[in-house]
Each structure stands twice: as structure tokens, then as C-alpha cells.
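Single-structure report; data block below.
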Amino acid sequence: MVAHPSSRRRAIMFDHRKIGRELGLFDTDPLIGAGLPYWLPEGATVRHTLEEYIRTAERKAGYQHVYSPVLGKRELYDISGHWGHYRDDMFPPLDLGGEQVVLRPSLCPHHALIYRSRLHSYRELPFRLAELGGMYRSERSGVLGGLTRVRAIQLNDAHIFCTLDQVTQEARAALAMIRDAYAALGITASRYRLSLPGPGGKYVAAPEQWDRATALLTEVLDGLPYEAVEGEAAFYGPKIDVQVTDSVGRESTLSTVQVDFHQPEQFDLHYVGADGARHRPVMVHRSIIGSVERAVAHLIEQHGGAFPPWLAPHQVAIIPISGAEMPHAQDLARRCLDRGLRPRVVTPDGDSLGARIRESRLIPYQAVIGAREAADGQVALRLRDGRRLDPRPADQLLSRMEALVRSHRVELWD
Ligand SMILES: [Zn+2]
């Protein structure tokens, strides 16, 4: 089937691999290997900014951050069920003097052990552990490409250990965090999917637990438009997937909320209840933006490289008309840095002013510095969308930009 020409053109225009290379965000090298992209400085800036946004939102929502290793003994994944149900997607074990170690396919087992390492009272629940950590998937080389299908994944992950009564509230709070993040990122969810098990042996058995977990998630989705789809659940439990659609209509999952009775049992997790007895917690797995790779790929395609101001690799293009204004441009750049803004001085170097403004077209704010601006300290700001503001004192503009960036809004100005 031949794609409609306009949709094909659109696919080329918004292909994150093409834009990612043009903007110097990420790249790959055959010597590193397929499905193992590296992040260039501007891409690393976007990623770091996104990660810090997520960590801040998690801290405000009562999550505690941990770090755990990307390797674990094979036995760990025997217990969690990954080795039995998910082995085809895992890298082969490494033999270390008779001991088998594997690259982890998920962070859940490590977090279950971190929870288990301390005694927990019911008063500490919900106990929320978060980590932006690495995991690995042995994707076939034929399907690898850009940032959407990779073998090394950085996942925005969290596990909430709580009582059965707390599950719906925690899952609802996670959906609210997802909505807030999407508003800040300028992403629209195309639909909610209740992902249920399908036929076949890739799911742990325990019909009662599946029914109970499904009932809880159905309650959470009450009032939201969603579709139940069989065959999309995790091997240990059902999940809510928040679906997004890219510029050519392909759907994928960024964010998920999952209810799991299986791993708390496998790892014999417990808390001490008000009655002084041991009780089993429930594990809620949730991810706000999913993997950093897929989230950035989606953001690139969604915005065609014109990121929201707070996320843009460079936020202010400072364009001196001639070499004479360079000291003034450098001074303005220094004042941007002092306020936590990311400036880029676009030096004359023989390029025309028009060419330099075009080159900066994806940078949210552009300040052209001529002799008059250098003399009176005023700046006539251009916005990426073509608007031009009247000349104003530089400090007044910088403090407004700083406030807009800090508020994580998608709008350029108001
Ligand atoms: Zn998990």
C-alpha cells in the first residue's frame, strides 16, 4: 500500500530521527551498536531538564528517590517471574565464576528488595519509591530505530507499597500527575487503555488476583473514556496505559499505572498493621512519562523540534548585528545564565542577520542587539511564533522569561 503523499511528507517532516540529528540531540554509531543511541549536548540538556521536572513533581507528591544497580542475579528474576514469563525479551545471562547475572528487564524486583530491607509499619504506607533508572531489552536488530525502539532504556519508574484500601487513591493520584506532566509538555493523551491478559501462557496464574486488580483499575477509570484491550497486560497484572498518537497516527504507550499482587507475594513483603500482625502490601507500579527515550522521541515529533520554553535546549538566542555589539551580547548571555536561563550567542561570523535569525527559529526567544540596544540597554524581543515585543529594559524581559520557564508553561508569552 502506498502512503498518501501528504501523510508521507508529514512523516518525513516530523520523523524524530531526522529532526534529532539535524538539531544535534542524539545519534548512533555502529561501533556502539544498534539500539544504543547516545545523547549529544543539546539532547542531554532536554533529557536532564525533563528528568529534573519529573523528580521535582515526585518529591512534591511524597515519593522518595533511590538508585539501584542495572544488574542482578538470575535468581532474582526467577523469583519475580521475569525469567519465566519475560525471558525472550531479556539479554542472555553473564557467567561470573559460576554465578549468573543478568541485565535487568525492569526495576520492580530491586525496589521490592529495597522495601523488604527495612521493617515497615502501616503508618508509613503508602511507601513510594521512585527511580529514573536503566533497564535492558533484547529487541531484534530489525526493529531498532531512533529513540523509540532501543536496547538500553532509562525508565521513569516508581513503586508504591500500600494497603488494598489505598490503591485507588494512589492510582488516581498517579493519573493526575500524568495529566499535569502532559499539560507542561504539550502532549495530548489519545485514549486510556485498560490492558488485560490475553490467551497464552505469558501471564502468571491466579485468576482471583487478576479479577481483583482489574476491578480496582476499572474503579480508577470510572468517568474517563477508556477501552479494555486483551493481551496487553504485564505478566504479573493488568494496567492502565495512557496512549499517545504521533504525527502519522501511530499509537504508543508512554505512561502506565499497574496493580500487582504477584510480586509482593513472591518476595514475601509485609508491613506491621495496627493489630501488630504482619500484612501483605499491594504494589502499584507507575510511570509518568515512561522511558526517557520514547518520551523525548514523542516530544520531538509533537513539537517538530520547537520544545516548550522550559524544555528547549537553548531558550534565548542573542544575535548581535555586528562584532561591535559582541561585548553587550556576552553580557546579556551572562545575565541569562545567572537567572538559570540557557542562552546562545549567535555570532556574526560572516552570516547575514536574516540567516542567523532563521537559524535560531526553534529557540523560543530571540534578542537582536544593535547599536541602539547596546547604548540604551533595551531589548526588542522576538518570539519564535513571529510576535515582536516593544523594546524594554533587558532585566524586565529576563525576569518575565525566568517566571515563564519556572512555571513550566507551554505558552511563549502572555
Ligand atoms: Zn514495576
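The values are calculated or read from the model by the stated rules, or taken from the named source; none is laboratory data. Values in this document were obtained by computation on a predicted structure and should not be read as measured data. Note that each Cβ is placed from the backbone with ideal geometry, even for glycine, and that neighbours are counted across all protein chains shown. For accessibility, only protein heavy atoms count, side chains too; no ligands or nucleic acids. Shrake-Rupley method; radii C 1.70, N 1.55, O 1.52, S 1.80 Å.
Once the Cβ-Cβ distance between GLU124 and SER322 is put in as r, and R0 is 45 Å, what FRET efficiency do you end up with, to the nearest 0.05?
0.10
When DSSP beta bridges are limited to those with both residues in the chain, what percentage is antiparallel, rounded to the nearest 5?
75
Give the range of the longest stretch in the chain that excludes all trypsin sites (Lys or Arg not before Pro) found in loop regions by DSSP and having at most 11 other beta-carbon atoms within 10 Å.
251-386
Where does the charge balance sit around GLY33 when Lys and Arg score +1, Asp and Glu -1, over other residues with C-beta under 12 Å from its C-beta?
Result for the neighbourhood of GLY33: -1.
Return the whole-Å distance between the Cα centroid of the stretch 372-413 and the Cα centroid of the stretch 192-230.
49
Helices from the chain with mean Kyte-Doolittle at least -1.0 and a Cα length along the axis of 24 Å or more, per DSSP H: which?
For the chain, where a helix must reach 24 Å along its axis and average at least -1.0, the hits are 167-185.
Under a 5 Å amide H to amide H cut-off, with H placed in plane at 1.01 Å, what residues pair with ALA233 once short-range neighbours are removed?
Those qualifying (amide H under 5 Å, at least 5 residues apart or on another chain) are LEU196, GLY198.
Put a dot 7 Å past each Cα toward the Cβ at VAL101 and ARG172; how far apart are the dots in nm?
4.5
Given the C-alpha centroids of the stretch 288-356 and the stretch 12-70, what is the distance between them in whole angstrom?
Cα centroid to Cα centroid, the span is 18 Å.
Sequence neighbours fewer than 8 away in the same chain don't count; with that in mind, list the lysines whose C-alpha is under 18 Å from LYS60.
none
Can you give me the accessible area per residue for the stretch 370-414, using a 1.4 Å probe, in Å²?
57
Hey, in the GNM for the chain with a 10 angstrom Cα cutoff, which one of LEU398, LEU132, LEU107 fluctuates hardest?
In the Gaussian network model the winner is LEU398.
For the stretch 63-167, give the percent of accessible area contributed by carbon and sulfur heavy atoms, probe 1.4 Å, rounded to a whole number.
Roughly 50 percent, rounded to a whole number.
Roughly how many Å² is the accessible area per residue of the stretch 118-257, as a whole number, for a 1.4 Å probe?
43
Percent of accessible area on the stretch 265-414 owned by carbon and sulfur, 1.4 Å probe?
Answer for the stretch 265-414 is 47 percent, counting heavy atoms of protein chains only.
Taking the simple approach of a point 7 Å from Cα along Cα-to-Cβ for both HIS279 and ARG21, what is their distance in nm?
5.7
Starting from 0.36 nm per residue, how many nanometres of slack lie between ALA215 and ARG400 once their C-alpha separation is accounted for?
Answer, rounded to one decimal: 61.9 nm.
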